Amino acid sequence: MRYSYKDTLDELKNTLEGITSVIIYTGAGMGVDSGLEVFRGNQGLWEKYPEARNLNMSFQDLANPYHLEKYPDLVVPFYRDRLETYLDTEPHKGHQTLLELAESLEDGYFCCTSNVDGHLQKAGFSPEKIHEIHGQISYWQCTVFRCAESSAAPLFTIPRQSESKDHPRCPTCNALARPNLLMFYDLGWLDNEFAKQSRRKNEFLNHRLEHNKGKTAVIELGAGHAIPSIRMEAELTAEDFKTKLIRINPEDMQPCEERNEGIINLQCSALEGIKLIKQCFDEANQ
């Protein structure tokens, strides 16, 4: 029997009917409707950062502590430019729609994201209910790990580029600063804030599972296969809660492993998918 769009909507309504909490997973595709780039290949990256083309450097190369140390005049401005872009960009309206739905639920919500843009907080989601698995670009740390680890104030903000063109420096020892992000092959990331967020997320999930009352929805938005951490965690969480994962992605819809077939695929942008979720939620709970 052919599976129709109406079948998908009915399945979505059944999954959202009577929910009392929601767990939200977001990847890079969540920011596309806000106008943020998703660098899936070198062409877009090299067009925006021609110096990376000259050195034949990919996004993974730029996001590497070794190259930060070797090519600070390229890598530091790259990250400062990303920071400026995120600060100057407003989260799309889907963030607010999703927040209103989440805050209306009796048992609340929690968010887990691989994005470093801080847009969930900017949209109004509680910082106490967000787990940023790769850190956040608004906060910087010393490149000397021993200094960052022992500092009384290990994380700090940096001046905007319009205020200072100099490379940001550690306020404690004056060494080169770096964003507090988990890079590739990174042994120098200070993960104190990540650990706090992770504990809060696990407390929320364990509390929901142990008390076994109410109904939890799991929503994944814009997470790809290139770095599948978010996809895999969303699938496992949906399995734990014995619910179907609501996956929103305009492409790349397959599960990380064939064992998991409990996925409702909405092949659309994050903004379109959130509108559809809100519509189905309202219809299922009226």
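Give the number of residues within the range 13-66 that are at pLDDT 85 or above, polar (S, T, N, Q) and surrounded by fewer than 14 Cβ atoms within 10 Å (Cβ to Cβ).
Summing the residues that are at pLDDT 85 or above, polar (S, T, N, Q) and surrounded by fewer than 14 Cβ atoms within 10 Å (Cβ to Cβ) in the range 13-66 gives 3.
Scan the range 147-185 for residues that are of a type in the set (D, E, K, R), open to solvent by 60 Å² or more (accessible area, probe 1.4 Å) and within 22 Å of Tyr71 (Cα to Cα) and jot them down.
Selection gives Arg160, Lys165, Asp166, Arg169.
Go through Pro159, Pro127 for me and flag whichever is over 25 Å from Leu62 (Cβ atoms) and not aromatic (Phe, Trp, Tyr).
None of the other options fit; the residue is Pro127.
Residue check, Leu105 against (1) open to solvent by 20 Å² or more (accessible area, probe 1.4 Å); (2) under 21 Å from Thr216 (Cα atoms); (3) of a type outside the set (Ser, Thr, Tyr), all met but one. Which one?
Here Leu105 clears every test but (1).
Of the residues Cys280, Cys256, Cys268, which is closer than 22 Å to Asp33 by Cα, of a type outside the set (Phe, Trp, Tyr), at pLDDT below 95 and open to solvent by less than 60 Å² (accessible area, probe 1.4 Å)?
That would be Cys268, the only listed residue that is closer than 22 Å to Asp33 by Cα, of a type outside the set (Phe, Trp, Tyr), at pLDDT below 95 and open to solvent by less than 60 Å² (accessible area, probe 1.4 Å).
Looking only at residues that are within 20 Å of Arg160 (Cα to Cα) and crowded, with 20+ Cβ neighbours inside 10 Å in the range 116-138, which one is nearest to the chain's Cα centre (by Cα)?
My answer is Val116.
Pick from the range 78-89 the residues that are within 17 Å of Ala28 (Cβ to Cβ) and open to solvent by 20 Å² or more (accessible area, probe 1.4 Å): which of them is farthest from the chain's Cα centre (by Cα)?
Result: Asp81.
Quick check on the range 186-206: of everything there that is farther than 18 Å from Glu239 by Cβ and over 19 Å from the mean Cα position of the chain (by Cα), which residue is least open to solvent (accessible area, probe 1.4 Å)?
Result: Gly188.
Among the residues of the range 117-133 satisfying the criterion of being touching a residue at least 40 places away in the same chain (Cβ under 8 Å), out of contact with any strand residue (DSSP E or B) (no Cβ under 6 Å at 6 or more places or on another chain) and not acidic (Asp, Glu), which is nearest to Glu84 (Cα to Cα)?
His119
Can we say Glu69 is open to solvent by 40 Å² or more (accessible area, probe 1.4 Å), assigned to a loop (DSSP other than H, G, I, E, B), of a type outside the set (Phe, Trp, Tyr) and in contact (Cβ under 8 Å) with a residue 24 or more places away in the chain?
no
Please tell me if Phe184 is outside any loop (DSSP other than H, G, I, E, B), in contact (Cβ under 8 Å) with a residue 12 or more places away in the chain, under 28 Å from Ser58 (Cα atoms) and not aliphatic (A, V, I, L, M).
No: the conditions fail for Phe184.
Take Val75 and tell me if it is in a helix (DSSP H, G or I) and open to solvent by less than 20 Å² (accessible area, probe 1.4 Å).
For Val75, the condition - in a helix (DSSP H, G or I) and open to solvent by less than 20 Å² (accessible area, probe 1.4 Å) - is met.
Take the range 27-62 and flag every residue that is of a type outside the set (Val, Ile, Thr), in contact (Cβ under 8 Å) with a residue 40 or more places away in the chain and either part of a helix (DSSP H, G or I) or farther than 19 Å from Leu182 by Cα (or both).
Ala28, Gly29, Met30, Gly31, Asp33, Ser34, Gly35, Leu36, Gln60
So, in the range 147-170, how many residues would count as being of a type outside the set (Ser, Thr, Tyr), in a helix (DSSP H, G or I) and within 18 Å of Ala195 (Cα to Cα)?
Within the range 147-170, residues that are of a type outside the set (Ser, Thr, Tyr), in a helix (DSSP H, G or I) and within 18 Å of Ala195 (Cα to Cα) number 2.
Which numbered condition in (1) open to solvent by 20 Å² or more (accessible area, probe 1.4 Å); (2) under 30 Å from His167 (Cβ atoms); (3) touching a strand residue (DSSP E or B) at 6+ places or on another chain (Cβ under 6 Å) is the only one that Thr113 fails?
(1)
Can you pull out the residues in the range 110-142 that are closer than 15 Å to Asp191 by Cβ and assigned to a loop (DSSP other than H, G, I, E, B)?
Ser114, Val116, Ile133, His134
The values are calculated or read from the model by the stated rules, or taken from the named source; none is laboratory data. Everything quoted here is computed from the prediction, not taken from an experiment. Quick reminder, even Gly has a Cβ in these numbers, built from the backbone with ideal geometry, and neighbours come from all protein chains shown. Please note that ligands, DNA and RNA were not included when accessible areas were found on the heavy atoms of the full protein model with its side chains. Shrake-Rupley method; radii C 1.70, N 1.55, O 1.52, S 1.80 Å.
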